[in-house]
Amino acid sequence: GAGVSQTPSNKVTEKGKYVELRCDPISGHTALYWYRQSLGQGPEFLIYFQGTGAADDSGLPNDRFFAVRPEGSVSTLKIQRTERGDSAMYLCASGPGLAGNNEQFFGPGTRLTVL
Amino acid sequence: QKEVEQNSGPLSVPEGAIASLNCTYSDRGSQSFFWYRQYSGKSPELIMSIYSNGDKEDGRFTAQLNKASQYVSLLIRDSQPSDSATYLCAAFDYKLSFGAGTTVTVRA
């Protein structure tokens, strides 16, 4: 079946602009996660959705970052007033969200570059 | 201190040898553990999951978990050049916490 998809694959923007990154999870997966990965580091947690609600947004670095998942499927990560330090690979992962099965499968990522 | 620490590498092994990767974690609430493989410029790919103490084998991969020592390892047997990648250890406590990864190079 289809895996997690993310669009765009690459996004170049200017400092101060607004960007939206989209994630389409594996069909039927209720758990959806956003991570951010910088070069040479492991992915860092940003936010977790179980269904439509954000179960944990403690990883969002500041209030410029926001994410939604209005129908419990597709999610959008929104970044306002982008800064050069926001440049990274943004990864989305989905999982079945079942007790005893915490596996997460990653999409191809969106490479964000803020000039 | 990071929640998940991995041996820093890089690790270079000859083709056909065993590659051994180690990981420790600090959160005793972590419930399950995962190894991901990440090729350069690509996203992480799940290769092993382990939930209980002991060994779990899947093909050429063996994961080991010791919750008392808060230690996870991955063995890659009969290493192939296609195994050359960065291997990420992750601990799950309602979210994944990742180590920085260990880069493995398999020499032909």
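The values are calculated or read from the model by the stated rules, or taken from the named source; none is laboratory data. Everything quoted here is computed from the prediction, not taken from an experiment. Glycine gets a Cβ as well: all are built from the backbone with ideal geometry, and neighbour counts include every protein chain shown. Ligands, DNA and RNA are excluded from the accessible area calculation, which covers all protein heavy atoms including side chains. Shrake-Rupley method; radii C 1.70, N 1.55, O 1.52, S 1.80 Å.
Restricting to segment A:22-45, what's the tally of residues that are more than 7 Å from every other protein chain (Cβ to nearest Cβ), surrounded by 21 or more Cβ atoms within 10 Å (Cβ to Cβ) and either within 21 Å of A:Asn10 (Cβ to Cβ) or without any contact (Cβ under 8 Å) to a residue 12 or more places away in the chain (or both)?
6
Please specify each residue of segment B:52-108 satisfying the condition of being more than 16 Å from B:Leu21 (Cβ to Cβ) and basic (Lys, Arg).
B:Lys67, B:Lys95, B:Arg107
Condition test on B:Leu21, is it open to solvent by less than 50 Å² (accessible area, probe 1.4 Å), in contact (Cβ under 8 Å) with a residue 24 or more places away in the chain and more than 12 Å from chain A (Cβ to nearest Cβ)? If you could, list the steps in order and put the result at the bottom.
Values: open to solvent by less than 50 Å² (accessible area, probe 1.4 Å): yes; in contact (Cβ under 8 Å) with a residue 24 or more places away in the chain: yes; more than 12 Å from chain A (Cβ to nearest Cβ): yes.
In short, yes.
How about segment B:25-56: which of its residues are open to solvent by 60 Å² or more (accessible area, probe 1.4 Å), touching an Asp or Glu at 6+ places or on another chain (Cβ under 9 Å) and under 17 Å from B:Thr102 (Cβ atoms)?
Across segment B:25-56, the qualifying residue is only B:Tyr39.
A:Gly85 passes all but one of (1) more than 12 Å from chain B (Cβ to nearest Cβ); (2) in contact (Cβ under 8 Å) with a residue 40 or more places away in the chain; which number fails?
(2)
So which residues in segment B:70-107 are of a type in the set (Gly, Ala, Ser) and over 15 Å from A:Pro43 (Cα atoms), if there are any at all? Let's see the steps before the verdict.
We begin by selecting, within segment B:70-107, every residue of a type in the set (Gly, Ala, Ser); these are B:73, B:79, B:82, B:84-85, B:90-91, B:97, B:99-101.
Result: B:Ser73, B:Ser79, B:Ser82, B:Ser84, B:Ala85.
Suppose we filter segment A:106-115 for residues that are part of a strand (DSSP E or B) and more than 13 Å from chain B (Cβ to nearest Cβ); how many remain? Don't jump to the end; show me each part of the working.
As a first pass, look at segment A:106-115 and keep what is part of a strand (DSSP E or B): A:106, A:110-114.
Imposing the further condition that a residue be more than 13 Å from chain B (Cβ to nearest Cβ) reduces the set to A:112-114.
Selection size over segment A:106-115: 3.
Counting just the residues of segment A:60-115 that are in contact with a strand residue (DSSP E or B) (Cβ under 7 Å, 6 or more places away or on another chain) and basic (Lys, Arg), which one comes out farthest from A:Tyr35 (Cα to Cα)?
A:Arg84
Can you pull out the residues in segment B:66-99 that are over 14 Å from B:Asp27 (Cα atoms), open to solvent by less than 40 Å² (accessible area, probe 1.4 Å) and of a type in the set (A, V, I, L, M)?
If the condition is that a residue be over 14 Å from B:Asp27 (Cα atoms), open to solvent by less than 40 Å² (accessible area, probe 1.4 Å) and of a type in the set (A, V, I, L, M), then B:Leu74, B:Ile76, B:Ala85, B:Leu88 are the ones that fit.
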